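Structure first, then comments.
None of the figures in this text is laboratory data; all of them are computed from the coordinates on show. Values in this document were obtained by computation on a predicted structure and should not be read as measured data. Positions of Cβ are generated from backbone atoms using ideal geometry, with glycine treated the same way; all protein chains shown enter the neighbour counts.
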Amino acid sequence: MTTLPDHDRTAELVDAVHAAEAAGRPLRIVGGDTKRFYGRPVHGLDLTLAGHTGIVTYDPGELVLTARAGTRLADVEALLQSHGQRLPFEPPAFGAAATIGGTVASGLAGPARAARGPVRDYVLGTRLLASGGRVLRFGGEVMKNVAGYDVSRMLAGSLGILGVILEVSLKVLPLPVATRTLCRRLDAGAAIEHLAAAAQRGAPVTGSFWCDGELNVRLEGAEAALDAAAQIVGGDRLADGAAAQLWRDVREQTHPFFAAGHDLWRVTLSLRAPLPAAAAGRIAFEWNGLQRWAVGEDALQSLMQQAAAPGQTTLFRAARDAGIADREVFAPLPEPLLQLHRAVKATFDPGGIFNPGRMYRTL
């Protein structure tokens, strides 16, 4: 097994939480801080997970890995790759310092999300540092190890508002036997219909990205299956190196479409909602059309005007930090659901010291 830095800082982190609660000081939970842009800003004392690292257990035969939250995502992925395995949800790092705890707390998944499901589907267990310095364990290291509420999966995407994730157990999967990326020119509507037809015919699509009239489709499986799927999907095959770079650029938002300078909006709409031609070059989509991106307020408005029903919008990345200080970032919650969120927050963090306001002003 690959050796990674191994250090358990649980006792220090418990002491830091006790001190913060005694002083009534909020805490900003920090892993690698590569996703600081995501969500609302938190004003508090930094509680860093740096140095809280190590692989607690890893059983390649059982496809389960448990790691301390401060372990770098890149180190986890390298270890898995050395055993021919991977994180199924293809998480973005947004920087070399990204951690496995921050990966789960953000709940962000990459191009494979539409095919393999979200982060929460692969979270088997967690250890959480909650109010009063309580270290709570939820779940375990098997898929069916849940009694009552599945708190471990609830922590995926919680942005640290319930406490400090200390440790996570994740289900992993084998690397594909073969991968192929095909590219063709299609307008947005035709691209979405084409992807839907390919899915109905069983094509093993594990990634799609449409931008400026170009559709890229990733297929994974045995070579014979990819030969058959390529006949369904059509298009020109990208060289393996160019394809790998493309999907890295989409995953990490280093593709030219995501260039900084304007607010970046993530929009979830019905697959039937058309993409406006007037916003060409400023709208793209992934996940077979389910996840859409709009660069700038004008592109967002053009996109929403085409929708037959309201969608969910997230200000994924503001062009300037000041741009999100005084507004909500995520789609508004219905009042009953917001009340439920508040009740859960109060159970785990009655003093409101963990990442207050990161998700919504009142959470």
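How much length is gained if the chain between Arg184 and Asp121 is pulled fully straight, taking 0.36 nm per residue apart and subtracting their Cα-Cα distance, in nm to one decimal? Walk me through the numbers before you get to the answer.
Numbers: separation 63, 0.36 × 63 = 22.68 nm, distance 3.20 nm.
Here the answer is 19.5 nm.
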Worksheet item: Ranking Asp249, Asp349 by Cβ neighbours within 10 Å, fewest first, what do you get?
Response: Asp249, Asp349
Worksheet entry | Angle between the chain longest axis and helix 240-252 axis [Cα atoms, degrees, rounded to 10] | 50
Worksheet item: Longest exposed-loop-site-free stretch of the chain, with trypsin sites (Lys or Arg not before Pro), DSSP loop and at most 13 other Cβ within 10 Å?
Response: 1-133
Worksheet item: Local charge sum around Val119 (other residues, Cβ-Cβ under 12 Å, Lys/Arg +1, Asp/Glu -1)?
Response: +3
Worksheet, complete the sentence: Expected vector for region 284-290, Karplus 3J(HN,Hα) from phi with 6.51, -1.76, 1.60 and θ = phi - 60°, integer Hz, x for Gly and Pro, equals 9, 9, 10, 6, 6, x, 6
Fill in: In nm, spacing of pseudo-spin labels at Glu252 and Ala97 (7 Å Cα→C-beta vector)
1.6
Worksheet entry | ³J(HN,Hα) computed for each position of region 153-170 - Karplus, 6.51 cos²θ - 1.76 cosθ + 1.60, integer Hz, glycine/proline x | 6, 5, 6, 5, x, 7, 6, x, 7, 9, x, 9, 5, 9, 7, 9, 10, 10
Discussion item. Taking R0 as 45 Å, what FRET efficiency do you get between Glu328 and Ala228 from their Cβ-Cβ distance, rounded to the nearest 0.05?
Written reply: 0.45
Worksheet item: Tell me, in nm to one decimal, what length is gained between Ala242 and Phe37 on full extension, where the rule is 0.36 nm per residue of separation less the Cα-Cα distance?
Response: 70.9 nm
Worksheet item: What angle do you read, to the nearest 10 degrees and between 0 and 90, between the alpha-carbon axis of helix 335-348 and the longest principal axis of the chain?
Response: 40
Worksheet item: By how many nm would the segment from Gln81 to Ala259 lengthen if fully extended, with 0.36 nm per residue of separation less the alpha-carbon distance?
Response: 61.1 nm
